Structures are given as structure tokens and as C-alpha cells.
Protein chains: 2
Amino acid sequence: MAKSVVTPWEVSGNVDYDRLVKEFGVSKIDEKLLERIRKHAGELHFMLRRKIFFAHRDLKWLLDEYDKGNKFFLYTGRSPSGPVHLGHLLPWIFTKWLQDKFGVELWFQFPDEEKFLFKQGLSYEQAQKYLFENMLDVIALGFDSKKTHFLVDTKNANLMYGEACKVAKKITFSMVKSSFGLNEQSNLGQIFYTSMQAVPAFLPPVLKGKEIPCIIPHAVDQDPHFRLTRDILPKLGYYKPASIQCSFLPPLTGSEGKMSSSESIKGILSTDSPADVKNKINKYAFSGGQATVEEHRKRGGDCTVDVPFQYLKYLFEESDKKLNEIEKDYSSGKMLTGDMKKYTIEKINNFLSEHQKRREKAKDKIPEFLLKI
Amino acid sequence: MAKSVVTPWEVSGNVDYDRLVKEFGVSKIDEKLLERIRKHAGELHFMLRRKIFFAHRDLKWLLDEYDKGNKFFLYTGRSPSGPVHLGHLLPWIFTKWLQDKFGVELWFQFPDEEKFLFKQGLSYEQAQKYLFENMLDVIALGFDSKKTHFLVDTKNANLMYGEACKVAKKITFSMVKSSFGLNEQSNLGQIFYTSMQAVPAFLPPVLKGKEIPCIIPHAVDQDPHFRLTRDILPKLGYYKPASIQCSFLPPLTGSEGKMSSSESIKGILSTDSPADVKNKINKYAFSGGQATVEEHRKRGGDCTVDVPFQYLKYLFEESDKKLNEIEKDYSSGKMLTGDMKKYTIEKINNFLSEHQKRREKAKDKIPEFLLKI
């Protein structure tokens, strides 16, 4: 098993989430917290039931504040660097659920400089193209335009850069070096960048002139950014942002690393056709099944490594009952790999068909989401 | 004699300009270049005649382009961190002369984050207060509002931050460490900052979609910033900016370092009253005169270290004839220290009286100068 690496810019190897919880110092989401969320939301999202969102910081405090009538706002984001794949959609789908259930504002950051600064081969113009494309995917998920504000680093810099400087003054190079794997050969933009990522966590309080609790739904690899943000914000007179963190959707090729749109075998993209999806799942999706039908019938498949099953669990099979049946049937050998793949392809294509229609309509809606300040 | 230090953030000791020319690799402005400027301008500014502006980069190229009909633009600036003193006014007065004589645009940068990032004790709010105050002094000098654009880093960041990231991607930490005296304890904003200072040198070309030569009038201590800018801009497809560089107005206390508004004995501020000026010159201005009138009559004074004489030379006595007379009379002992100080006080107060009237009127003019893009 390859030793795993988890930083904001690299996720590789077989991720040991229990080790991450310890190393990062985050807390697991316990039953008591789940119960409180269920009470407010009237239900529990399957990503919570299945512990896909598994860790947090200060969630208890956030709910305490909410109970006192002190509503939080949501902050999440997307660095445009390529097309959106299923792994990106996962935390956003959950974020939309939180917005709907708690009736709160969402600040969605598009740090359109980040990947340009971190990827040697990515031009500024390419990043801008993806910025537009990626916005369509976010809007297609159905966020409430009245409660959702897009924050684009280079386009909202009049608001953000001065605030980022306030953060930057509190962070030395030696503080970020270790947490972000930077060194003396890192460029000046990479070194400064985390200051910009901190800004949305306190921009609504800046604009409204009062403290407001913030919670950031994000994949666990982004924790180093926000750990630093949490250290700095109280020094500027703001609350530490809370967070709720998810594990990674596995890449097609198996359970190591996370889905990526820059690898040679791409993940499933939000714009893939039914034939693309069919081909990718059939050709590349790592199977937990046995080498032959006979052997599979006899020994059964392994759902814990079966990528199609993982996609059902993470995204496409909302019914626990159905998911349990599939797990049972596949593990016992009753369900074959071909059936598993066929069912998953259908589920993904149903989702994408709707998503792509909404994505097309989103082209006219971008102005409604752009921050007008 | 104290060893001199000249960096963008510290000037101390007795500055050896010949050594700086060699160390920085700038060129001295020779007679041939002066002649070309005289031809275009119809005259030579006294700061050129007296070699107060003494060094340059690529001035010959800039004039060649101008001769071909390829007009340059001017770029200079001011980091708000305190009140404006006479030393600040010096390069701006010369910049206005260049604008008038060559009929060119000026982009005047106010990096309102710089000193906030570099001075532990300076708050963001204080810097903003000085930003407003400092703008009044610039406007009071009479720049043409139709051809002068103020560029405020935090207020024009929508235009500047993205461009700064393009610069930042080309500069590593190890590249700035040596030139700017930064280290691992430097904050992230300090490290990023030089990228913002590079932007005005190519922003007009960005906005107009074509290459345009740029010349930066500045005090020699800022050369490390622009040396780096000159390395980077060709990589982004722009001309290297030319520069024309001046020496420092000496502080009241003598010929070491430069005038500063943050030292305990302040320089002469643009808002000083006639009594303030009289008091500062009489009480603090280092004199090249002798200890007693008798000795002075006998041995004469030393103009090279006499601060009032230097102020006349740098700023307040435009007539070479009159300046030569004063130099002769003071050196021979005919003119006494009291007379030298009295004459200088009068000259400064005449200037400030007019400046302060224009400064008052400038309060209504700021919007004309702010960049509206």
C-alpha cells in the first residue's frame, strides 16, 4: 500500500482517514451532532448517514450559535483549472442541502489565480475559460441565487486584496512553508495565496459590520488552509470558521488518491455524454469482482474497493435500502460486475442528463450570482 | 563615516552614489542624453542640470522611441505611511516637468498596502488616512488631471491583482530574498508586494492592447524593485521599463540617510506652518558654517554639508546664477549661517504657502484623478 500524501495540492496513495483525523487535529462527527443536524434539517443527508462527511471543526459551537438565533453562512469554492468532475460535485451537492435546510447564505469563492500560480502549464487565459465553465456546474446544482454570492478573486479583488493583506501581515513564510510544502523556489503568488483563501471566511462580517459564524464544507485536503485561517481570524477580531469535511471520491482506477481531471485517465466529467460514461466505467472503473463469473458466483465481490459501488455510495444511490441490497448481492456473488457497472452507468447518466440541461440554462444566470459590490 | 545601506526600505549612512551606480548597474546620465532632453523640452530642469537626477536605465532607448513617434508614459508613486515631506515632493516636481514638456500620461501608484505590510506599528486605517492626505499633495503640484491616473492598490485591485499574479508566477522567494532583505520571518504580503509594484509599468499596455514605453522617475533606493520588474516584463511580452533616478534630499540633521517623516526629528512637512519651518531650520538644520562669526568670516562655510544650502540646490533656488552666488559667498565667509538659514526659510515658506493653498483646493479634485475602470 503506497504511503498516502494529503496536502491542498496533492492527494495520493491509500488515504487513511483515521490517521488524518489525528494528524490534522479535526474531530469526527459523532451521533450527538448528527442528531442535532437531523433535528434542524428534518432529515440527515445520505452523505452524513454514510460518513462521507466525517470530520469537522467547531460544529458544536456553530449549532449552539444557530440555536441562539445567530445564523451562520456557508463558504466553499472551486479553483478553476479544468473541467468539473463528479468528485467536485460531491461537496457542493451537500452544501446546497445545507443551504436549503438551514436557509443560509453561501459565499462561493472562485480563486481563479490559484491553479494558474500552482500549475506550470496552466495559462491565465485557460484558467479564465474554466472559470466560466465551472460556474455553470455550480449554478446547475440549483443554488438559490438570492442567497448565493460568487466571489472571483481577480474580479472581486477590490473587496478582497486589502482584506487578504490584513491576513498576510499575520503569517510568516516559515508558517506556511511546512503546512503547504512551499520552499524558496516557490513563486511569490503561491506564497501569498492562502491569504486570499482566508478572506471569504470573514468577508460577510466585514461587509455587514458584525461577527457572523461561518462554516466551510470542504474535502479534508483543504484543512491546512483553514487551520491557518482559524489561527489568524481571531487576531483580526472575527470568529474562527467552523468546517465540515468529506473524504475523497475515489478515482476510476481505484481507491488510491482522489478523482482528478488532470490525470491521463480522466474522471467522469459533468459534460460527459452517456457513451463517454459507459466507456469510462466499463473500460477503466476498478472492479471488486472476481476474475471469472464462476469465481465471482462462488466468492463474491469486494464492495470496499469496487469503484462503481463507491460511486453509488458517495453520490448516486440515495436509498440506503437499495444500497444495502446491492452491497449484499454483490458481496454474495449474486450480482455480477457487469450488472453493477450497468446500474451505475444508468444512475450516473440519469443524473448527468438533468445536470446538463440545467447547465445549459445556467449560461444566462451567471450575472445573478456575481457579487455586485 | 557610517557604511551606507540603500534598500527600498532603508537608507542610512553617507550614501556613495558612485558606488551605487556600480552596485546597482545603472548608468549615469551623460551630456549627450541631457542634450537630447533639452532639445525636446526646450530647456533642462535644474534637477538635471545639477545632477540631482543623475542615473537612468534605458533612457537612450526611450528617447529613440519617442523620436520615432512612440510616446512613453510616466509611472511613479507614493506609499502612504505618514505625512508628505519635502523629500517626497522632489521626484514628483520633476515628474510633473516631464509630463508638461513631453505631453505624456502619468500613472501614479498609491500602494496603500505596502507600508502597512512593512511597518509593524502602522494600522490599515492609518494608512488609508494618509492615502487621502498624500493625494492632496500630489494634486497640489499641478498635474494635469486629464493625463494623470491615480492607481490605488487596494481600490484598483480588480485591475491589478490578476496582473500582479502573472508577475508573481515568474519570481521565486529566493529571487526576492536577497534584493529586498526578506527572510523566512517576513510576512506573506511583504513577499508578494513587489509583484504589485511591477503592475503600473505595464498596465497601460494591458488596457490599450499594445506595447508602450514606460519611464519611472524614482529615488535610487527603489531600483531593486524595478530591476526585478525589468527582468520579468519581457517574459510577459512587454518592454522593460526605463527609469530616471535621483539622489536623496538630505535629512535636516545632515548628509547621512534621507529625509524621513518617521524619524524623531521630522523632515519639513508639506503642511508645516511658517513658524514650524523657521523653527526646524534654525534648530535642527545641520550647518556647514563655523563655530563663531569670526571663524566663519575667516575660513568660510562648507556648502557640501550645509543642509539649508542643499535644500536650495535640490528644490528651492531655481536660478543657477543665484545659487552660485550663494555658494561663493558662503564658502568665502561673506555670507553667514544666519543669512543662509533666513534665505532658505523664506524660500521654503514661499513655496509652502502656495502649495498649501493648492492643497486645500485639491480636496474637491480627487475624483478627477481616480482611475475609473
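The values are calculated or read from the model by the stated rules, or taken from the named source; none is laboratory data. What you see is a predicted model; the values in this text were computed from it and never measured. A quick note on method: Cβ atoms are made from the backbone with ideal geometry, for glycine too, and the neighbour counts reach across all protein chains shown.
Things worth noting here:
- Subset of segment A:22-51 (residues that are charged (D, E, K, R) and touching a strand residue (DSSP E or B) at 6+ places or on another chain (Cβ under 9 Å)): A:E23, A:K28, A:K51
- Condition met for A:D144 (on the phi < 0 side of the Ramachandran plot, buried (at least 23 other Cβ atoms within 10 Å of the Cβ) and in contact (Cβ under 8 Å) with a residue 40 or more places away in the chain): no
- Filter result (more than 21 Å from B:K166 (Cβ to Cβ), assigned to a helix (DSSP H, G or I) and at the interface with chain B (Cβ under 8 Å from one of its Cβ atoms)) within segment A:177-204: A:K177
- In the set B:L89, B:L44, B:L63, only one residue is in a loop (DSSP other than H, G, I, E, B) and not assigned by TED's automatic domain parsing to the domain that holds B:L323; that residue is B:L44.
One line per residue, one yes/no per condition, for (1) crowded, with 18+ Cβ neighbours inside 10 Å; (2) over 19 Å from the mean Cα position of the chain (by Cα):
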{"residue": "A:V6", "(1), (2)": "yes, no"}
{"residue": "A:R19", "(1), (2)": "no, yes"}
{"residue": "A:E23", "(1), (2)": "no, yes"}
{"residue": "A:S27", "(1), (2)": "no, no"}
{"residue": "A:D30", "(1), (2)": "no, yes"}
{"residue": "A:H40", "(1), (2)": "no, yes"}
{"residue": "A:L48", "(1), (2)": "yes, no"}
{"residue": "A:I52", "(1), (2)": "yes, no"}
{"residue": "A:R57", "(1), (2)": "yes, no"}
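- Scanning segment A:154-169 for residues that are among the charged types (D, E, K, R) and either free of Cβ contacts under 8 Å to residues at least 40 places away in the same chain or more than 7 Å from chain B (Cβ to nearest Cβ) (or both), we see that the one that is surrounded by the most Cβ atoms within 10 Å (Cβ to Cβ) is A:K169.
- Which numbered condition B:L249 fails, given (1) modelled with pLDDT of 95 or more; (2) assigned by TED's automatic domain parsing to the domain that holds B:L207: (1)
- Looking at A:Y343, A:Y314, A:Y284, just one residue is closer than 28 Å to A:T148 by Cα and of a type in the set (F, W, Y), and that residue is A:Y314.
- Selection status of A:H85, touching a Gly at 6+ places or on another chain (Cβ under 9 Å), buried (at least 19 other Cβ atoms within 10 Å of the Cβ) and not hydrophobic (A, V, I, L, M, F, W, C): yes
- Any hit, segment A:130-151, residues being over 17 Å from the mean Cα position of the chain (by Cα) and within 10 Å of another protein chain (Cβ to nearest Cβ): no
- Boolean, B:G338 is at pLDDT 95 or above, farther than 25 Å from B:H45 by Cα and surrounded by 18 or more Cβ atoms within 10 Å (Cβ to Cβ): no
- Test result for A:V15, modelled with pLDDT under 95 and touching a Leu at 6+ places or on another chain (Cβ under 8 Å): no
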